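J.: Here's a structure for you.
Here, each number is a calculation from the coordinates, and none is a lab measurement. Because the structure is a prediction, the values reported are computed rather than measured. Note that we place each Cβ from the backbone using ideal geometry, even for glycine, and neighbour counts take in every protein chain shown.
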Amino acid sequence: MTYYLDQLLNGLSLGSLYALIAVGYTVVYGIVQLINFAHGEIFMIGAFGALSTWIVLSWVTGGSTAWWNLPLMLVGGMIVAVLTAVLMERFAYRPLRNAPRLAPLITAIGISIFLQEFVRLFYGQIPGFPDAKAAIPFPQLEFFTGPAIDVGGLQVHRGNFFVMAALLICWIFLWWFVNRTATGRAMQAVSQDPDTSRLMGIDVDRIIVVAFAVGASLAAVAGLASGLRYGNIDFKMGFLAGLKAFTAAVLGGIGNINGAVVGGLTLGVVEAMATTLIPGQFGGPAWKDVWAFVLLILILVFRPQGLLGAKVVDRA
Amino acid sequence: MLEVKDLVVAYGKVKAVKGISFSVEQGQVVSLLGTNGAGKTTTLRTISGLLRSESGEIWFEGERIDRTPAHKVVMKGLAHSPEGRKIFPRLTVEDNLRLGAFARKDTDGIARDLKRVYDLFEILYERRAQPAGTFSGGEQQMLAIGRAMMSRPRLLMLDEPSMGLSPIMMQRIMSTIRALQSEGVTILLVEQNAAAALKLSDRAYVLEVGQITLDGTGEQLLGDDRVKRAYLGED
Ligand SMILES: Nc1ncnc2c1ncn2[C@@H]1O[C@H](COP(=O)(O)OP(=O)(O)OP(=O)(O)O)[C@@H](O)[C@H]1O
Ligand SMILES: [Mg+2]
C-alpha cells in the first residue's frame, strides 16, 4: 500500500512540474492562439538562471548551500526566463502576428535549437561558469533537499514537497492575478475578444507581453524545482519536459489555466502509475513516455477540448 | 469636435468607404444612415482606430487621430460601442463595466460612474455578478452602452444600439441617448431604425455604397422624399 501511495506522490510531484510549465503554454495560447513550442527552453533557461545566480553568490559566500539562497536563485531564474521570453515575443513572434500559422511554429523550432545550442556552447565560456556540454550538478540547498521527510510512514522526498508547494502557491497567485487585478481582467478580455478589448483602452501588445512573462515566471519556478528534485540540469532538459507540459495543457484543455494544472497532475500520476501497475514488458520507467503520449493521442481523438474544456478561447 | 475629411477605407482592394467628409459638433446627436453594406460600421471602426484608412484625415478636438492606436483613442475621450454589442460573455456584468473604465485611474470617479450606470439600468445592478453571456439581447445592449459610458467619453459612437430589440427596449435606448446628450455627451449614432434616429438627431448623413449622398438636420431628412422612400418605408 505504502508503495502505491509513494508512487502516487511521485506522480503528483512530477505532475506539479508539468503543470507549472503547462501554464505557460496555456496562457499564451489563450491570448494569441499561438503554441509557443520554445517554452520548454524557457524552463531550461530558468534553471540555468537559478544556477548562475547561485554560482555568482558562491563567489561571495564560498559556496554556501543555506536555505536563503533559494529566494535569490528563484528571482535570478525568473529574471533571465522572463527576459528571454519577452525578447522572443518581441523579435520572433510579434513580426509574425498576422502570418500563416505554420510560420510561428517553424520559428519556435528555430528558437528552441538556438537557445539549446547557445547554452551548450557559450555557458561554459563565461569565466567561472561550468561547461554545459554535459549535465551540471545543481546546488543541493539545505532544507529543500536532503533526507526524506517521514509523513505517517511515508517517506517524502523534500524536492517533491517543494514542487507541490510551489505549484499550490503559484496557482493561488495566478487565480488572484487573473480574477482580481485590472491586468488580469484585461487578459481575460483579450482572450475573449481582442478587437473589443482595444476599444476598452487595453493595449493588446502589452497584454501579450504579460502573458509571456507570467508563463516564463512559472517555468522558472519549475526549472529551479527540477534542479532541486533531480540534482542536476542540462541544456536538453527543456525538450521532453516541454513536450510533456504541452501534452498536459492539451489534456486539461488548452487556454484553460485550471485545465493546465489538472492536466499536469493527471499526466504525472498516469506516468507514475503506468510505470508501477502495468506488468511485464510494457511496464517500468522505459515505457512511461509512451504512455504519456498515448494519453495525448486518446485525448485528441475522444475529447479534443480537453478534460476541463478550452473555455478561455471558445469565443465565437 | 469630430471632423472627418475625404476618408477612404479599403478591405484589400475593395473600397468600402470612398472619400466621405462629415463633422460632429459638440453636444449634438449626429446619425449615419444607410442600407446594409453602405460602410457605416467601417467608418466607425476607422474613427476608433480598429481599421487604418487609406487616405483622408480624422480630427478629434483639434488633434489628428487617424494614426492613433485604438487603445489610445479611447483615452482621448472617444468611446465606441461596437455593432453586435460585443460584450465579454464569460466575464461578469460588473467586470464588463470595469473594463469600460480600464484606461482610467480615478477610483472615486469610476465608482461614481458605476453607480450612474446602475441607476440608469437597474437590471444590470441586480445581475452584476452574473456572466454577461447569459443576458438577453436587450440586456446585453444596455450593458454595452453602460460599458462605453464607463470610459466617461466626450464623444460616444453607437453602432446599431437597437438591433434586435423590442419596441419598448428601443424606446429605452433612445431615451438613454437623449439623457446622455443632456449630460453633455456628444453622440454619433448608426441606426437601422431611421425614423427613431432622425427624431433625436441634430444632424444626419445618408451613406450609400461608401459615399455620402444626402445630409441635413434630422427634421429636414424626416421630410425628405428620398429618405421617406428608402429608409422610412413610406411611398
Ligand atoms: N472584414 C471585412 N472584409 C472585407 N470586406 C468587408 C469587411 N467588413 C465589411 N466589408 C465590406 O465593406 C462594406 C461596408 O461594410 P460595413 O460593415 O461598413 O457596412 P454597414 O453600413 O455597417 O452595414 P450594416 O448595416 O449591414 O451593418 C460591405 O460591402 C462589406 O461587405
Ligand atoms: Mg454595420
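J.: Taking a temperature of 25 °C and a viscosity of 0.890 mPa s, what whole-number D in µm²/s does Stokes-Einstein yield for chain B with Rh from Kirkwood over alpha carbon pairs?
T.: Result for D is 136 µm²/s.
J.: Helices from chain A with mean Kyte-Doolittle at least 1.0 and a Cα length along the axis of 24 Å or more, per DSSP H: which?
T.: A:2-32, A:39-61, A:69-88, A:102-122, A:158-180, A:204-230, A:257-277
J.: To continue, here is another question. Could you give the angle, 0 to 90 degrees to the nearest 10, between helix B:167-182's Cα long axis and the longest principal axis of the Cα atoms of chain B?
T.: 90 degrees
J.: Once Rh for region A:2-302 is found with the Kirkwood sum over Cα pairs, what is the Stokes-Einstein diffusion coefficient at 10 °C and 1.306 mPa s, in µm²/s?
T.: Translational D for this selection: 81 µm²/s.
J.: Please grab the % of Cα pairs in region B:57-104 that end up more than 14 Å from each other.
T.: The proportion of pairs with Cα distances above 14 Å equals 59 percent.
J.: Whole number please: convex hull volume per residue, Cα atoms of the protein assembly as shown, in Å³.
T.: Expressed per residue, the convex hull around the Cα atoms of the protein assembly as shown is 189 Å³.
J.: Another question, if that's okay. Quantify how strongly other chains surround peptide A:189-196 by giving the mean number of their Cβ atoms within 10 Å of each of its Cβ atoms.
T.: 5
J.: Continuing with the same structure: Listed highest first by mean packing, meaning other Cβ atoms within 10 Å per residue, what order do A:25-32, A:57-64, B:177-184 come in?
T.: A:25-32, B:177-184, A:57-64
J.: Pick from B:Leu188, B:Leu207, B:Leu156: which residue has the top mean-square fluctuation in a GNM of chain B where Cα pairs under 10 Å get a spring?
T.: Of B:Leu188, B:Leu207, B:Leu156, the Gaussian network model singles out B:Leu207 as fluctuating most.
J.: What average count of beta carbons from other chains do you get within 10 Å of the Cβ of residues in B:101-110?
T.: So the per-residue partner count for this stretch is 2.
J.: Averaged over every viewing direction, what's the projected area of the C-alpha convex hull for region A:118-241? Give it in nm², one decimal, please.
T.: 11.2 nm²
J.: Evaluated at 37 °C with a viscosity of 0.692 mPa s, what Stokes-Einstein diffusion coefficient in µm²/s does region A:233-304 have when Rh comes from the Kirkwood expression over alpha-carbon pairs?
T.: Estimated via Stokes-Einstein, D reaches 261 µm²/s.
J.: If you don't mind, another one. Counting partner chain Cβ atoms within 10 Å of every residue's Cβ in A:200-207, what's the average?
T.: 6
J.: Multiplying the sequence separation of A:Ala103 and A:Phe129 by 0.36 nm and subtracting their Cα-Cα distance, what value in nm do you get?
T.: In short, 5.8 nm is gained.
J.: Next question. Highest first, please rank the peptides B:22-28, B:146-152 by the mean number of other Cβ atoms sitting within 10 Å of their residues.
T.: B:146-152, B:22-28
J.: Could you order the peptides B:191-204, B:3-16 from most to least packed, using the average number of other C-beta atoms within 10 Å per residue?
T.: Order by mean packing, descending: B:191-204, B:3-16.
J.: Another question, if that's okay. Which pairs in the list B:Lys40/B:Lys115; A:Lys236/A:Lys288; B:Lys18/B:Lys86 are over 25 Å apart, alpha-carbon to alpha-carbon?
T.: B:Lys40/B:Lys115; B:Lys18/B:Lys86, as the Cα separations exceed 25 Å there.
J.: Now for a different question. Measure nothing fancy, just the Cα-based angle from helix B:107-120's long axis to the longest principal axis of chain B, in degrees from 0 to 90, nearest 10.
T.: The answer is roughly 70 degrees.
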